[in-house]
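Since the structure comes first, as structure tokens, the remarks are kept for the end.
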Number of protein chains: 2
Amino acid sequence: MNDGAKNERVRLSAEDWEDGALALIAEQGVGAVAVEALARRLGVTKGSFYWHFRTREALLQAALERWEEYGEREVLAEIERIPDPRKRLPELFRRVAHEMQPHRVYAALLKALDHPQVIPVMSRVSQRRIDFLTRMYTEAGLEPVVALHRARLTYAAYVGFLQLNFTLGLPRISHDEFDAYVEHMIATLTPAKSND
Amino acid sequence: MNDGAKNERVRLSAEDWEDGALALIAEQGVGAVAVEALARRLGVTKGSFYWHFRTREALLQAALERWEEYGEREVLAEIERIPDPRKRLPELFRRVAHEMQPHRVYAALLKALDHPQVIPVMSRVSQRRIDFLTRMYTEAGLEPVVALHRARLTYAAYVGFLQLNFTLGLPRISHDEFDAYVEHMIATLTPAKSND
DNA sequence: ACCGTTACATACTCGGCCGTATGGTTGTCG
DNA sequence: CGACAACCATACGGCCGAGTATGTAACGGT
């Protein structure tokens, strides 16, 4: 079917531009998504771009929606397959902690919350994730109200961690120390095994 | 002495421009700090600006350093005067939770971490605050390593909260619910009173 | 009263980036 | 093999914001 070779002189599709935009966002932030720059990056010129998209805004919109679509999904589904509800959250934390790539886009979008286009996207994504955490905490035995607060706290810690660590480069934490930090998080934020 | 009337046609000083820049940052973000816009806001023109500063970058630099200088200071000092170490952190949390103004600049700067000038400033400020938290946790009875992790977690939660709540406007949390959230944070992150 | 310094106005240049216009090339299908 | 559509290049117009050049008004000291 559609062979997806992305190198050499093949004609581009709208999706190629969207992927390119997302790559640029991950590397240099939303502000770096300029038409001519992206065109050079893809080995073509503006003329091509304005055939696929009416405006730069349209590209950003499409790219963001594409990212929102293709986000999480697998991870959360796998977590829900774990039978013991109390083992889900620790597993989720460890899983999330050891993938770096998906976070780069999210972190870049956090830095770009002045651009009005990204706000609704980030709102929806964050809200869904907090809802998911709330469910997990509830099923792990917390009262509904407590679960909601704990979910917010957890997700805030996640967001803040992203900012502090690879946006700011706070003293390059070592790999072992990072693992210890994750375990500390689990111990602090996760309901203890013996509890009700 | 120096009458500080900021209205009407008085001559401006460099500090006035810096304060104006900080106000603009708090309201519309770092990107909104444009020379001509700021000049209009102050009732003058560019001509004035380029007398006080060599470049726009210089203004930003000065404004950021001014903010870094005039930051926290009183709050942290007051906290340290509380005799019982275990009562300090809860008090700090409640204090911080009920001031909104100082956070606006910090939140705006979080959204502006693509601008290379703000990164070192934010790094220093964040690092100092984490160090402070680490000391507080240690004095409250935590092991040094645990205290460091807990401090990072706490500060990450703070940063994340800012992003999620008045950068994104996640479902406008009510005042009462917010207080409950803060108490939940204290209960979760603060060493229990009976413990060692 | 004068004069230099401080503070500001006005009018320009210049570069970056968006968007448009138009013409050329590469496919593919009857 | 011609024709129509998909895809791209080149060239241009225009806005916006930074920075420069230069002239001018207020002030403070002597």
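The values are calculated or read from the model by the stated rules, or taken from the named source; none is laboratory data. Given the structure is predicted, the values throughout are model-derived calculations rather than measurements. Ideal geometry is used to build each Cβ from the backbone, glycine not excepted, and the neighbour counts take in all protein chains shown. Remember, those area values only see protein heavy atoms, side chains included, never the ligands or the DNA or RNA. Shrake-Rupley method; radii C 1.70, N 1.55, O 1.52, S 1.80 Å.
Being open to solvent by less than 20 Å² (accessible area, probe 1.4 Å) and at the interface with chain B (Cβ under 7 Å from one of its Cβ atoms) narrows it down to one residue among A:Y181, A:Y158; which is it?
A:Y181
If a residue has to be free of Cβ contacts under 8 Å to residues at least 12 places away in the same chain and facing chain B (nearest Cβ under 10 Å) to count, how many in segment A:97-115 make the cut?
2
Please go through segment B:14-33 and give me each residue that is over 18 Å from B:E57 (Cβ atoms) and either away from DNA strand C (no atom under 16 Å from the Cβ) or open to solvent by less than 40 Å² (accessible area, probe 1.4 Å) (or both), ordered by number.
B:A23, B:A26, B:E27, B:Q28
Look at segment A:184-196 and say how many of its residues are facing chain B (nearest Cβ under 10 Å) and either of a type in the set (S, T, N, Q) or surrounded by fewer than 15 Cβ atoms within 10 Å (Cβ to Cβ) (or both).
Final tally of qualifying residues: 2.
Return the pairs, sorted by first residue and then second, in which the second residue is part of a loop (DSSP other than H, G, I, E, B), the first residue lies in segment A:39-64 and is free of Cβ contacts under 8 Å to residues at least 12 places away in the same chain, the beta carbons are less than 7 Å apart, and the residues are 6+ apart or on different chains.
A:A39/A:T45
A:A140 versus (1) without any contact (Cβ under 8 Å) to a residue 24 or more places away in the chain; (2) in contact with a Lys or Arg (Cβ under 6 Å, 6 or more places away or on another chain); (3) open to solvent by less than 60 Å² (accessible area, probe 1.4 Å): which is the lone unmet condition?
Condition (1) is where A:A140 drops out.
Got at least one residue in segment B:82-96 being of a type in the set (A, V, I, L, M, F, W, C), farther than 29 Å from A:P116 by Cβ and without any contact (Cβ under 8 Å) to a residue 60 or more places away in the chain?
yes
So is A:K87 within 14 Å of another protein chain (Cβ to nearest Cβ) and away from DNA strand D (no atom under 16 Å from the Cβ) or not?
no
Of all residues in segment A:34-58, count the ones that are touching a helix residue (DSSP H, G or I) at 6+ places or on another chain (Cβ under 7 Å) and near DNA strand C (Cβ under 7 Å from one of its atoms).
Looking only at that region, the number is 4.
Which one is farthest from B:M122 (Cα to Cα), of the residues in segment A:161-173 that are among the aliphatic types (A, V, I, L, M) and more than 7 Å from chain B (Cβ to nearest Cβ)?
That would be A:I173.
Do any helices (runs of 4 or more DSSP H) lying entirely in segment A:42-117 carry at least 1 residues that are open to solvent by 30 Å² or more (accessible area, probe 1.4 Å) and of a type in the set (S, T, Y), and which ones are they?
A:46-52, A:56-70
When you check B:V44 against the structure, is it within 14 Å of another protein chain (Cβ to nearest Cβ) and within 13 Å of DNA strand D (Cβ to nearest atom), yes or no?
No; evaluated as a whole, the condition is false for this residue.
Determine which member of the set B:R124, B:R128 is part of a helix (DSSP H, G or I), among the basic types (K, R), surrounded by fewer than 18 Cβ atoms within 10 Å (Cβ to Cβ) and away from every other protein chain (no Cβ under 11 Å).
Testing whether each residue is part of a helix (DSSP H, G or I), among the basic types (K, R), surrounded by fewer than 18 Cβ atoms within 10 Å (Cβ to Cβ) and away from every other protein chain (no Cβ under 11 Å) leaves just B:R128.
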